[in-house]
Amino acid sequence: MVPKRWARRAVTRNAIKRQIYNVSESFCDRLPVAAHVVRLRTTFDRQQFTSATSDPLKLAVRQELVQLFERALPQGARS
């Protein structure tokens with residue numbers, strides 16, 4: 001879920017959702033079969049990330065998602 005209060009522009013929210021789908025694909029074989037909810041909890045400020053498709057935004061989102069998915073892995077599946 002990417003609420004409007006954390007990413008004001010729809011293009012930013014959609015870019016973040018695409019990142020979630022892409023990162024989750026790389027973890028799908030190691031995660032247990034279940035419904036997983038990824039919820040944005042901090043803002044992505046327009047002053048810091050001026051473009052919704054900027055490389056710094058993509059990198060920041062991807063790094064955070066990889067950390068979250070790593071934490072969600074069962075003990076035996078962590079790399």
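No value in this document is a laboratory result; all are computed from the given coordinates. The structure displayed is predicted, hence computed values, not measured ones. As a convention, Cβ positions derive from the backbone with ideal geometry for all residues, glycine included, and neighbour counts pool all protein chains shown.
So what is the calculated 222 nm ellipticity per residue for the chain, using -39500 (n - 2.57) for each DSSP H run with n of 4 or more, over all residues, to the nearest 500 deg cm²/dmol?
-15500 deg cm²/dmol
Spelling out what I want: for every residue of segment 52-65, take phi, set θ = phi - 60°, compute 6.51 cos²θ - 1.76 cosθ + 1.60 (Karplus), and round to whole Hz; glycine and proline get x.
5, 10, 6, 4, x, 5, 4, 5, 4, 5, 4, 4, 5, 5
Would you be so kind as to identify which of Leu59, Pro74, Val11 lies farthest towards the positive end of the dipole of the chain, taking Lys and Arg as +1 and Asp and Glu as -1 on Cβ and the Cα centre as origin?
Val11
Over all alpha-carbon pairs in segment 10-74, figure out the percentage whose distance exceeds 16 Å.
On the way: 914 of 2080 pairs.
Across segment 10-74, Cα pairs with separations above 16 Å total 44 percent.
HN-Hα J couplings of segment 66-71 from phi, Karplus 6.51/-1.76/1.60, θ = phi - 60°, integer Hz, Gly and Pro as x?
Karplus-based 3J(HN,Hα) across segment 66-71 equals 4, 4, 5, 5, 4, 5 Hz.
So, in nm, how far is label Leu73 from label Thr50 when the simple model puts each one 7 Å beyond its Cα toward the Cβ?
If labels sit at Leu73 and Thr50, their model points lie 3.7 nm apart.
Pairing the Cα long axis of helix 10-27 with the longest principal axis of the chain, what angle in degrees results, from 0 to 90 and rounded to the nearest 10?
Its long axis makes an angle of about 20 degrees.
Dipole size in debye (nearest 20) for the chain around its Cα centre, Lys and Arg Cβ +1, Asp and Glu Cβ -1?
With only Lys, Arg, Asp and Glu charged at Cβ, the dipole is about 420 debye.
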